[in-house]
1. Tell me the carbon and sulfur percent of the accessible area for segment 382-445, rounded to whole percent, probe radius 1.4 Å.
2. Solvent-accessible area of residue 21, probe 1.4 Å, all protein chains present, reported in Å² to the nearest ten, please.
3. What percent does the relative contact order of segment 112-262 come to when contacts are Cα pairs within less than 8 Å and at least six residues apart?
4. Could you report the accessible area of residue 324 in Å², rounded to 10, computed with a 1.4 Å probe on the protein chains as they sit in the structure?
5. If you roll a 1.4 angstrom probe over the protein chains with everything in place, what fraction of the accessible area of segment 136-379 belongs to carbon and sulfur, to the nearest %?
6. 7 Å from Cα along Cα→Cβ at both residue 84 and residue 49: what's the point-to-point distance in nm?
7. Over segment 2-133, what per residue volume does the convex hull of the Cα atoms give, in whole Å³?
8. Along each of the three principal axes of the Cα atoms of segment 181-278, give the extent in whole Å, ordering the values from largest to smallest.
Amino acid sequence: MKYFIDPFGCVKNQVDAETMMAFLNKEGWVSTDAEQADVIIINSCGFIESAKRESINAVMAWRSAYPRKKIILAGCLSQRYAAELEESLTEATVIFGDKDISNIGAASAAALRGERYEHSAASARNAVGGASAVDEIESALPERPLLSLPGSAYVKISEGCDNHCAFCSIPLIRGGLRSRTITAIIGECTALLKRGVKELCLIGQDIGSFGMDRGGQELPDLLAALSTLQGDFWVRLLYIHPNHFPMQILALMCDDKRFLPYFDLPFQHGAAGVLKRMNRRQSADDYLALLDHIRAALPDAVIRSTFLLGFPGETEEDMGELFEFQEKSALDWLGCFTYSREENTPAYSLKNRVPQKTALARKQQVEEKQAAITKRRMERFIGRVFDVLVEEKIQGEELYLGRLFCHAPEVDGSAVISSDAVLEPGYFIRGKAFARAGFDLEIAPVR
Ligand code: SF4
């Protein structure tokens, strides 16, 4: 039995795809390309309109490429719209949500038989004292295949979210916050490091709220536990809601340089009125104070953020406030998105909607401003020597791509390494940044 998995969406969804592969491999399935596969699994995204369309188009594309192959639609889209898709998306053999991915084997077997998959059967199994889904998933995580770049792995420390930002469908899809145990996370990290992983990227919808479903913020405790592990590796923190930034981690990060001074803090906007309607519960001044605090403790700190443009009621005055915040915050990296009206989210019924054309124009304005800021920010690293995680060789050139601490996987610029010596992807070298090229830093290896 052979399968091919086509992953979509965020890195949290990528970990689910990797975990489904672990279960299938354990049950004797073999991962292969689409041509040879008996079952094609599309691990979909259901967060915003464009992502939903992309996942549906993937089903249509695979169906037209392989009219008789079995196709499973897994992931967030099928979790969010299971009933509708069961009804309407006949191009997919099976609709398989992500509530209990440990059942992907049973769903794939059903697909192979050309049958629809009965979730109820699976949940009945769990109900009668079978190993709980969480236990099953915990046992699969450490050995899962990795779809990340060489030397890097995402470690999902929690699932779901309790923040209920007005525009966001994640709580509808992934449910409320469920934090893993620190013991389980340390077990997974230890196994990944043993497998040669050099960078552990801690992820969740909001890792700042890790442990709050058990009564308190536990991210400092988790970092303290990680700090006891031996070896030369990086820990990168991704997605801390600025309202839940646990200040105690700064001292830990000063003491243990394996914790990278890199923070992904989604601010979403800078205008007071917009932040209020988004249910973000803090102001641009709060965010600037947080940045000052972080930069005082960690002068090299690199900040990535996200802005959402075109939220209902957003005015030109609001954009003025946002540009001012953008200037003052001097972010290193910024991702910009336009608002997507999502049913059943608190913002869905808000009036004064912003035309998509206007939202896109505002997004472009912000991105143009940010390009100059990012280039200026990256120049502060020129002339300095860093650890560089090598990722791939550029064919036909004595050049390699890699990343420094200031580059998160897949979203930021890169390190372009000039080397006539052979470098091993997935390993660290020491390199000196000697120039900036666009958003990238040019690196020369040093002994
Ligand atoms: S923090 Fe807000 S935007 Fe992020 S997943 Fe939670 S509700 Fe959605």
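1. Its accessible area is 50 percent carbon and sulfur atoms.
2. 10 Å²
3. Details: 187 pairs, mean separation 30.9, N = 151.
Worked out over segment 112-262, it gives 20 percent.
4. Roll a 1.4 Å probe over it and residue 324 shows about 100 Å².
5. 54 percent
6. Between residue 84 and residue 49, the label points sit 1.3 nm apart.
7. Hull volume normalised by residue count: 99 Å³.
8. So the extents along the principal axes, rounded to whole Å, are 49, 27, 24.
The values are calculated or read from the model by the stated rules, or taken from the named source; none is laboratory data. This one's a predicted model, so the numbers in the text were calculated from it and none came from an experiment. Backbone-built Cβ (ideal geometry, glycine too); neighbour counts: all protein chains shown. Areas reflect the complete protein model, heavy atoms only, side chains present, ligands, DNA and RNA absent. Shrake-Rupley method; radii C 1.70, N 1.55, O 1.52, S 1.80 Å.
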